[in-house]
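For reference, the structure is listed below as C-alpha cells.
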Amino acid sequence: MFDFQKIEILAQRIKKILPEDPRILAEEFKNTSKPLVHSFLKRANLVTREEFDAQNELLQKAHKQLEDLETIIKNMKST
C-alpha cells in the first residue's frame, strides 16, 4: 500500500529544491548537460562527418594507388 503522506512530503522537498521559474531550470540543465555531452563525445573518440569523409577519400586514393602499384609489379614480373 502506498503511503501518500510520504509521497506528498517527497513532492514538497522536490518543489523546494527546484527554482520557481522553469526557464531557470531549463537554462541550468542546458549549461550543465552540454559540457557533459561534449566530454563524452571527446572520450568516445568520435569524428565529424567532414573528417570522416576526408579520411575516407584519402583511403580510397591510397587504395587506388596500391592497386596501380600491384599492377605495375605484376607487369614487371611477367616481362
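None of the figures in this text is laboratory data; all of them are computed from the coordinates on show. Given the structure is predicted, the values throughout are model-derived calculations rather than measurements. As a convention, Cβ positions derive from the backbone with ideal geometry for all residues, glycine included, and neighbour counts pool all protein chains shown.
Structure data summary
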{"quantity": "Candidates ASN45, ASN75, filtered to the one that is at positive phi, of a type in the set (S, T, N, Q) and free of Cβ contacts under 8 Å to residues at least 60 places away in the same chain", "calculated": "ASN45"}
{"quantity": "Count of residues meeting criterion [in a helix (DSSP H, G or I) and among the hydroxyl-bearing types (Ser, Thr, Tyr)] in the stretch 47-79", "calculated": "2"}
{"quantity": "Odd one out for ILE14, checked against (1) exposed (fewer than 10 other Cβ atoms within 10 Å of the Cβ); (2) not in a helix (DSSP H, G or I)", "calculated": "(2)"}
{"quantity": "Evaluation of SER33 against (1) over 23 Å from the mean Cα position of the chain (by Cα); (2) surrounded by 10 or more Cβ atoms within 10 Å (Cβ to Cβ); (3) of a type outside the set (Val, Ile, Thr) (one fails), failing number", "calculated": "(1)"}
